[in-house]
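Notes follow once the structure below has been shown.
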Amino acid sequence: MSALAAENKTEYEEKEQHTSETETSSATSAKSETSKDINVESSQSRKHKRSPDRERPSKVAKHDAEEDASSASTNVPSDLTTSGSNEKNKDTTDANRSLDNTVLVADHYNALEEKGLSQRNQSRIVYMRNFNNWIKSMLINEYVVKVRQGKSFGTSLKVLDMCCGKGGDLLKWKKANISHLICADIAQVSLEQCQQRYNDMVNKKGSKDRGFAPIFSAEFITADCTKVRLREKFADPSIQLDFVSCQFAFHYSFESLSQAECMIRNASESLKPGGYFIGTIPDAYDLVSRWQNCDGHKFGNDVYNVEFLSEDKTKPPFFGAKYNFHLDGVVDCPEFLVHLPTLCKLALKYGLELVAFERFEDFYERFKNEGRSLLGNMQALETYPPYHEAPLLGDPERDYHHAVEYMQNLPANHRKIGTLSQSEWEVTSLYAVFSFRKMKTIWNSEGKPEYIKL
Ligand SMILES: C[S@@+](CC[C@H](N)C(=O)[O-])C[C@H]1O[C@@H](n2cnc3c(N)ncnc32)[C@H](O)[C@@H]1O
């Protein structure tokens with residue numbers, strides 16, 4: 001963390017120090033702010049194909065946060081390891097409040113139009129979306145490799161994609177050569193589109209004839225993963241999973257303790273010992289920091305904005321810390337801060353130990369070389385300067401200073417680099433990847449589960 005960010009330490013961060021017994025150094029590093037250049041890479045002038053050599057990070061602007069004051073903080077037990085007190089918190093106020101928000105979220109995603117590839121490619125944030133997909137691909141690959149270590153490529157892997165949406169990760173799971181996928185989402189329309197996409201993959205003309213390996217089997221469950229025990233809905237409730245993946249969605253569960261707990265239990269209880277719970281969420285420290293550094297309670301740019309509804313910037317509650325997130329035609333609904341130490345405590349309660357919490361920019365740094373050709377194939381960075389026929393998507397005057405600066409330090413024969421516009425980077429740099437590992441379960445003399453490290 002820079003000196004400046006350290007000076008800005010907030011009560012939200014203080015809370016972490018008092019509550020975290022499980023925090024690891026990787027969790028701590030999540031707070032680090034970056035003002036490196038985010039992106040750029042260089043590539044020689046290949047038409048339409050970028051193959052980033054390097055990134056330039058953009059400046060992560062400011063940081064901030066919010067909360068939905070209501071009653072959430074008063075509902076939070078100081079000791080999350082006491083399940084009795086968790087039960088008490090399932091009060092009716094919470095239940096009513098969450099009913100509204102989950103319905104809002106489901107309605108929002110159900111109403112999102114399914115856009116074809118060409119429409120998606122016209123989006124102002126197409127590179128950021130591709131970049132986020134690249135992050136997910138690399139994350140999935142990182143943990144598939146870990147699980148497969150010492151096993152053959154053909155080893156059958158079973159996965160739950162919790163909050164799968166329209167099935168944006170189906171192809172990633174196909175590439176990972178898994179054998180079974182369970183898809184669950186609250187938004188029925190999205191789930192139907194996911195199932196259709198899966199059917200299209202299965203029936204893809206010629207794939208069988210050309211001798212490709214058969215695609216994984218799949219099942220589809222419409223459910224609120226913050227309120228329903230998913231295992232009871234699985235075709236085989238005794239299934240043992242290798243992965244649970246929850247991409248860009250886990251933060252919806254932090255509306256209340258009971259919802260967060262339900263989601264974590266869903267992630268944990270069908271995982272094999274040594275299996276992984278992986279995902280992507282906004283980094284609450286960054287959100288709070290941006291909030292604190294803005295005038296008022298709303299910040300953002302031409303592609304996104306975040307509005308906190310609470311007046312008090314210093315004490316967001318552990319649960320129910322609500323903000324409205326708007327992203328260029330993709331997301332427009334209430335979300336909740338995920339206080340990392342609280343998440344770690346809850347996860348431990350269900351036998352999940354934190355392996356990593358890493359901001360996108362750090363993850364990118366770690367994988368940019370290994371994932372370079374995929375960055376190019378996925379068109380995850382924008383070419384700068386642009387080709388004539390492909391004008392910049394961002395504001396040429398405002399959004400590419402980092403790229404200009406970066407290029408000044410490159411050898412003269414580097415004519416093109418890959419980058420994200422400043423506006424897109426300000427959004428994607430809010431996010432972090434996480435991973436938890438399922439511990440070994442033993443049963444104590446009272447018949448209760450206890451967890452031990454593998
Ligand atoms: C931003 S989208 C991400 C979709 C997908 N994971 C991806 O990365 O493309 C968030 C998804 O979470 C789902 N979601 C939100 N709250 C949920 C809940 N309580 N239970 C199940 N799904 C939920 C939404 O319906 C939506 O499909």
- Among the GluC sites (Glu not before Pro) in the stretch 260-316, which ones are in a DSSP loop with at most 15 other Cβ atoms within 10 Å of the Cβ? Mind listing them? E311
- Query: Long-range amide H contacts for I239: which residues qualify at under 5 Å (H placed 1.01 Å from N, peptide plane, sequence gap of 5 or more or a different chain)?
  - Reply: none
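Restricting attention to the stretch 367-400, which chymotrypsin sites (Phe, Trp or Tyr not before Pro) occupy a DSSP loop and are surrounded by at most 16 other Cβ atoms within 10 Å? Could the numbers behind the result be given before it?
Details: sites: F367, Y387, Y400; in loops: Y387, Y400.
Qualifying residues, ordered by number: Y387.
Rounded to the nearest 0.05, what FRET efficiency do H388 and Q188 have when you use their Cβ-Cβ distance and R0 = 60 Å? Please report the intermediate quantities before stating the final value.
On the way: r = 45 Å, r/R0 = 0.75.
That pair, H388 with Q188, gives E of 0.85.
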- How far apart, in nm, are two points set 7 Å out from the Cα along the Cα-to-Cβ line at A235 and at S179? 1.3
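The stretch 337-423: which GluC sites (Glu not before Pro) are DSSP loop and have at most 13 other beta-carbon atoms within 10 angstrom? Write down the numbers at each step before the final one.
Working: sites: E353, E358, E361, E365, E370, E382, E389, E397, E405; in loops: E370, E389, E397.
Taking the stretch 337-423 and a limit of 13 other Cβ atoms within 10 Å, the loop GluC sites (Glu not before Pro) found are E370, E389, E397.
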- Task: Holding the Cα-Cα limit at 30 Å, pick out from K233/K345; K345/K368; K204/K440; K313/K448 the pairs that are longer than that.
- Result: K345/K368; K204/K440; K313/K448
- Task: For the stretch 271-350, divide the Cα radius of gyration by the Kirkwood radius and give the resulting Rg/Rh value with two decimals.
- Result: 1.04
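Beta carbons within 10 angstrom, averaged per residue: use that to sort the peptides 133-140, 314-321, highest first.
On the way: 133-140: 21.4, 314-321: 25.0.
In decreasing order of mean packing, 133-140, 314-321 become 314-321, 133-140.
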- Give the calculated FRET efficiency between V404 and V103 to the nearest 0.05, with a Förster radius of 45 Å applied to their Cβ-Cβ distance. 0.45
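Laboratory data are not the source of any read-out in this text; all were calculated from the coordinates shown. All of these numbers come straight from a predicted model, not from anything done at the bench. Here the Cβ is made from the backbone with ideal geometry for all residues, glycine too, and neighbour counts use every protein chain on show.
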